[in-house]
Amino acid sequence: MDWQETLERAIPHPPPAQLDPAALVADGKRLVRRRRLAVVAGSVAAVAAVVGIGAVVDPSRDHADPEPPIATRSTAEEEAPEVDIPLSDLAPVAYDFDTGETRFQKGWTEVDRLGALTTSDSLAVAVTDGEKTIYAYFPQPDDVSFTDASRTAKDFRTWARELPDHLPDTTWEAGGRLSVGGSGWKIVREISNPFGYDAPWDSVGAVIEREGLEEWLFFRQSQTALSLAPDGGSTYAIPGQTIDDWLTSIEKSDRTAYRPNDRNLGEPAITHAVEFSGSTLVPTEDGVKILEQVADPDINDSFTADTSQTAAARITVEGEEQYVLVQEKESATRTKNVSWAFAYHLRPAPYAEDRGPVSLEDFAAIVRRNNGPKGGPWA
């Protein structure tokens with residue numbers, strides 16, 4: 001059997017590696033809340049959905065394009081912990097979804113309440129201290145909003161019933177400006193590139209407001225992937241914090257969770273740039289340089305199955321850096337063994353300081369993590 005011809009007939013376009021989704025892990029601070037906020041770049045309306053303190057991810061993204069910092073997906077997305085905001089004059093009421101109990105800051109009393117706004121457990125409560133009235137909205141255990149009633153002309157019950165139907169319509173793409181429309185939302189403050197990304201990455205943060213209801217949000221995107229929706233998150237304004245505190249906490253947790261050797265790889269492609277000569281990889285084409293190589297990389301069992309030798313290398317092809325995995329298999333129809341080589345591109349990191357080459361050991365670990373014990377285009 002001619003393995004090279006068989007491979008190219010069977011998979012002219014090799015399948016993508018099974019990449020881990022771009023998930024962001026919260027840093028453990030109780031008040032760093034994030035909701036998933038999806039937008040289509042430049043045109044289609046955003047839809048905000050509560051996903052809790054865990055990951056912020058857009059599952060529709062094409063994994064062949066660059067992604068922001070990643071870490072292991074948090075189970076908090078499935079079981080979001082309940083928000084624990086201390087009672088104060090800024091947050092004068094708390095609601096326990098498990099028991100149905102409401103607690104009030106000293107000096108504050110309930111004026112009215114309205115339940116079953118979006119689910120059987122959601123709740124809106126109006127409270128007062130005799131001088132100020134606050135409307136509180138508890139849509140999910142992991143989210144809560146507080147609004148000064150003097151900032152809206154609507155009575156409490158009208159305000160509460162309208163809340164679930166008035167989501168912001170948001171558009172943004174890297175390098176551009178944020179816009180928000182629908183149901184009276186307006187941008188109060190826009191923050192350019194709050195995460196300090198280096199080109200081609202960009203980010204944006206904003207405070208948006210509608211009749212006293214304030215939300216904070218952020219988006220991020222690579223300018224090399226403008227055809228894809230940016231990903232991001234939002235939260236109702238957190239009492240006692242500012243959006244700057246919130247964005248700083250998210251950026252800090254991203255840098256903590258993200259390590260250069262966690263960077264994902266693009267789809268592998270068959271390459272003829274290198275092959276074995278004896279036990280060493282050598283270039284087979286002009287413009288190819290082998291910067292480093294290692295024998296027998298630790299990938300998985302399917303990569304080494306039925307091979308006579310394997311290797312990993314970091315190479316350049318016409319100046320473009322690639323990582324390659326190479327197998328040599330015995331051929332039944334040729335006097336010379338057949339080399340299969342798979343080329344990967346390492347995706348650019350959002351931070352310039354993390355864009356240096358990874359070691360071949362770390363490269364092997366990324367491939368191993370993405371493919372599992374038996375997966376890969378060679379399987």
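The values are calculated or read from the model by the stated rules, or taken from the named source; none is laboratory data. Since this is a predicted model, take the numbers as computed values, not measurements. For neighbour counting, all protein chains shown are included, and Cβ atoms are generated from backbone atoms with ideal geometry for every residue, glycine included.
Descriptive notes on the structure:
- For the stretch 279-321, the set of residues classified as of a type in the set (Gly, Ala, Ser) and closer than 17 Å to Trp340 by Cβ consists of Ser279, Ala295, Ser302, Ala305, Ser308, Ala311, Ala312, Ala313, listed by residue number.
- Residue count, the stretch 150-164 (criterion: within 27 Å of Thr99 (Cα to Cα) and either assigned to a strand (DSSP E or B) or of a type outside the set (Phe, Trp, Tyr) (or both)): 7
- Subset of the stretch 188-216 that is more than 24 Å from the chain's Cα centre (by Cα) and free of Cβ contacts under 8 Å to residues at least 40 places away in the same chain - its residue that is surrounded by the fewest Cβ atoms within 10 Å (Cβ to Cβ): Val188
- Unmet criterion (only one of (1) touching a helix residue (DSSP H, G or I) at 6+ places or on another chain (Cβ under 7 Å); (2) under 26 Å from Gly240 (Cα atoms); (3) at pLDDT below 95; (4) not basic (Lys, Arg)) for Tyr135: (3)
- Listed by position, the strands (runs of 3 or more DSSP E) enclosed by the stretch 97-137 that each have at least 2 residues that are under 33 Å from the mean Cα position of the chain (by Cα) are 123-128.
- Boolean, Arg177 is at pLDDT below 95 and not in a strand (DSSP E or B): yes
- For the stretch 78-132, filtering for residues that are exposed (fewer than 14 other Cβ atoms within 10 Å of the Cβ), in contact with a strand residue (DSSP E or B) (Cβ under 9 Å, 6 or more places away or on another chain), modelled with pLDDT under 95 and of a type in the set (Gly, Ala, Ser) leaves 2.
Each row is one residue, and each column tells you yes or no for (1) part of a strand (DSSP E or B); (2) over 30 Å from Gly115 (Cα atoms); (3) assigned by TED's automatic domain parsing to the domain that holds Ser122; (4) touching a strand residue (DSSP E or B) at 6+ places or on another chain (Cβ under 6 Å).
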| residue | (1), (2), (3), (4) |
| --- | --- |
| Ile191 | yes, yes, no, yes |
| Pro194 | no, yes, no, yes |
| Tyr197 | no, yes, no, yes |
| Val204 | yes, yes, no, yes |
| Leu217 | yes, no, no, yes |
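- Test result for Thr304, out of contact with any Leu (no Cβ under 7 Å at 6 or more places or on another chain) and hydroxyl-bearing (Ser, Thr, Tyr): yes
- In this structure, Ala229 does not satisfy being in a loop (DSSP other than H, G, I, E, B), surrounded by 14 or more Cβ atoms within 10 Å (Cβ to Cβ), under 16 Å from the mean Cα position of the chain (by Cα) and at pLDDT 90 or above.
- Within the stretch 305-325, residues that are in contact (Cβ under 8 Å) with a residue 24 or more places away in the chain reach partners that are among the hydroxyl-bearing types (Ser, Thr, Tyr) with beta carbons closer than 6 Å, at six or more positions or on different chains, in the pairs Arg314/Tyr323; Tyr323/Tyr344.
- Test: residue in the stretch 160-174 that is at pLDDT 90 or above, hydrophobic (A, V, I, L, M, F, W, C), more than 19 Å from Ala349 (Cα to Cα) and in contact with a helix residue (DSSP H, G or I) (Cβ under 9 Å, 6 or more places away or on another chain): no
- Subset of the stretch 203-241 (residues that are among the small types (Gly, Ala, Ser) and within 17 Å of Gly176 (Cβ to Cβ)): Ser203, Gly205, Ala206, Ser222, Ala225, Ser227, Ala229, Gly232
- Test: Phe276 is touching an Asp or Glu at 6+ places or on another chain (Cβ under 7 Å), hydrophobic (A, V, I, L, M, F, W, C) and either outside the structural domain of Lys329 (by TED's automatic domain parsing) or within 30 Å of Ala295 (Cα to Cα) (or both): yes
- Single residue of Asp112, Asp142 found to be within 22 Å of Gly233 (Cα to Cα), of a type in the set (D, E, K, R) and in contact with a helix residue (DSSP H, G or I) (Cβ under 9 Å, 6 or more places away or on another chain): Asp142
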